[in-house]
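A short write-up of the structure that comes next.
Any read-out appearing in this document is the output of simple, stated calculations on the displayed coordinates, not a laboratory observation. Remember, it's a predicted structure, so these values are computed and weren't measured experimentally. Cβ placement follows ideal geometry from the backbone for every residue including glycine, while neighbour counts extend to all protein chains displayed.
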Amino acid sequence: MFKRDTIAAISTGMGNSGIGIVRISGDGAFEVIDRVFVGKKGKILSREESHTVHYGFIVDDGVTIDEVLVILLKGPRSYTGEDTVEIDCHGGMVVMRKILEAVVRNGARPAEPGEFSKRAFLNGRMDLSQAEAVIDIINSENEYALKSSVSQLKGSVKKKISEIRNKIVYHTAFIESALDDPEHVSLDGYGEELLKVVEELLKETQKLLDTADDGRIMKEGIRTVIVGKPNAGKSSLLNALLREDRAIVTDIAGTTRDVLEETVQLKGITLHIMDTAGIRDTEDVVEKIGVDKAKSNAMDADLIIYVVDASIPLDDNDYEIINMIGGKNALILLNKTDLSTVVDKDMLNVLINKPVLEISAKEETGIEELEDNLKEMFYHGDISFNDEIYITNIRHKSALQNARDSLLRVKDSILNQMPEDFFTIDLMDAYETLGNITGETVGEDLVNAIFSKFCMGK
């Protein structure tokens with residue numbers, strides 16, 4: 001499972017930039033750099049101190065490739081836990097590729113996707129939840145996702161899962177010791193004591209699971225669908241949120257016939273917004289397809305923004321939309337308040353129990369209040385990352401659900417006065433399942449699958 005050979009890759013983006021980095025890691029990293037580095041006075045880098053920077057040139061077969069700075073990091077005090085060399089060169093695509101080719105010709109091999117982080121995990125420099133946080137940081141789309149990922153990288157998830165597992169293994173070991181040596185270790189009344197522990201563990205796992213919805217939204221963003229009748233101002237709203245004229249806006253009802261998707265950052269959160277065709281009965285075949293798409297997307301959305309044209313009376317199309325969004329997270333926007341209105345908040349509040357905001361998408365008024373309401377709806381106020389843990393990974397959520405189910409079986413066994421060895425079976429199931437989060441009980445195939453999603457140089 002663990003290759004000890006020397007690997008190399010370009011660790012910066014493939015594109016022209018001021019600086020590029022070629023990273024080398026493995027037992028032969030210093031031997032490789034010695035073969036391609038030329039410094040002042042014949043300096044041999046493998047003889048230099050760790051955590052030092054050296055100026056010189058990368059030379060291959062007598063040809064100078066680039067002027068560089070080389071950073072030496074001797075294991076285990078490196079990202080991977082192995083001897084590591086980072087070559088800081090100019091960030092052109094050709095020069096970085098030439099340096100990597102020189103390094104490979106002189107003893108390294110091209111790294112696999114995520115192999116540096118994989119080695120860090122296998123060398124014990126980080127657990128699996130921290131390794132996954134690395135790619136989450138790279139892929140962060142907003143401020144909250146970044147903060148949550150940094151917290152996980154610092155070990156917040158690892159620490160909490162380890163605390164739960166330690167409690168489980170302590171009580172499992174006690175029961176097994178008592179079963180092996182009943183003359184010296186008694187289990188009299190232990191079921192009552194264990195029941196209290198299991199109930200506390202259930203609370204802790206449920207608390208983590210309760211953060212999963214917010215965690216997914218932090219990481220992936222809010223799937224948002226704008227619905228309403230034709231010409232209600234849906235496309236104007238999208239343009240106001242984007243601060244640019246992205247959607248076509250006309251006075252002709254039914255202009256939008258297909259789904260227009262855009263991503264926007266509001267108050268530190270990410271909205272993946274779909275502007276859909278106006279919902280109405282129509283004989284137009286193409287428009288009808290667009291209406292059906294609007295309804296389908298609304299059913300799968302995290303949030304529906306229902307735009308009401310306040311300047312005209314509600315009709316059957318509005319009532320259909322109101323019935324459609326009844327059980328969903330939704331905001332109602334009373335649009336065109338810059339005109340003479342015939343629909344007001346009180347009228348809508350009678351029909352549906354959803355927040356109603358007055359806006360003018362054309363004049364871009366009420367947008368700030370909309371943004372504040374979106375943040376409040378999904379994050380329940382300000383989020384603190386000092387001591388709060390958010391589960392943002394579907395794999396972690398699944399493991400926690402399985403662990404909770406195992407602990408519930410333990411609770412049932414205690415309440416039904418089952419033999420103590422029944423307790424240990426399900427306790428160990430919970431222990432092993434939680435170990436999948438930190439990587440302590442994970443299989444090789446899963447490890448390979450996780451790191452295959454990383455970029456090449458990480």
Inter-centroid distance (Cα atoms) of the stretch 129-165 relative to the stretch 167-242, Å: 16
Lysine pairs within the stretch 1-154, Cα separation less than 19 Å, 8 or more sequence positions apart or different chains: 5
Packing-based order for 206-212, 395-401, using average beta carbon neighbours within 10 Å, highest first: 395-401, 206-212
Relative exposure of 190, 55, 431, judged by other C-beta atoms within 10 Å (fewest first): 55, 190, 431
Partner lysines for residue 328 [C-alpha distance under 16 Å; skip if fewer than 8 residues away on the same chain]: 295, 354
Full-stretch length increase - residue 17, residue 398 - with 0.36 nm per residue and alpha-carbon distance subtracted: 133.1 nm
Ranking of 156, 78 by count of other Cβ atoms within 10 Å, fewest first: 156, 78
Two-site FRET efficiency, residue 166 against residue 417, from Cβ-Cβ distance with R₀ of 41 Å, rounded to 0.05: 0.95
Histogram of C-alpha separations across the stretch 7-127, 5 Å bin width, %: 2, 13, 23, 25, 20, 11, 4, 1, 0
Distance in nm between pseudo-label sites at residue 200 and residue 341 (7 Å out along the Cβ direction from Cα): 5.4
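Subtract the Cα-Cα distance of residue 123 and residue 261 from 0.36 nm times their separation in residues, and report this length gain in nm to one decimal.
Numbers: separation 138, 0.36 × 138 = 49.68 nm, distance 4.28 nm.
Extending this stretch completely gives an extra 45.4 nm.
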Relative exposure of 332, 289, 391, judged by other C-beta atoms within 10 Å (fewest first): 289, 332, 391
Peptides 334-346, 293-305 ordered by average Cβ neighbours within 10 Å, highest first: 293-305, 334-346
Distribution of pairwise C-alpha distances over the chain, 10 Å bins, in %: 4, 16, 18, 17, 18, 15, 9, 3, 0
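Helix-only estimate, please: 222 nm mean residue ellipticity of the chain, summing -39500 (n - 2.57) across DSSP H runs of length 4 or more and dividing by its residues, to the nearest 500. Don't skip to the end; give the middle numbers.
Working: 16 runs with 208 residues, N = 458.
The helix contribution divided over the chain gives -14500 deg cm²/dmol.
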Extension gain, residue 352 back to residue 300 (0.36 nm per residue minus Cα-Cα distance, nm): 16.7 nm
Shape call, the stretch 308-458: gyration tensor on alpha carbons, a/c limit 1.5: prolate
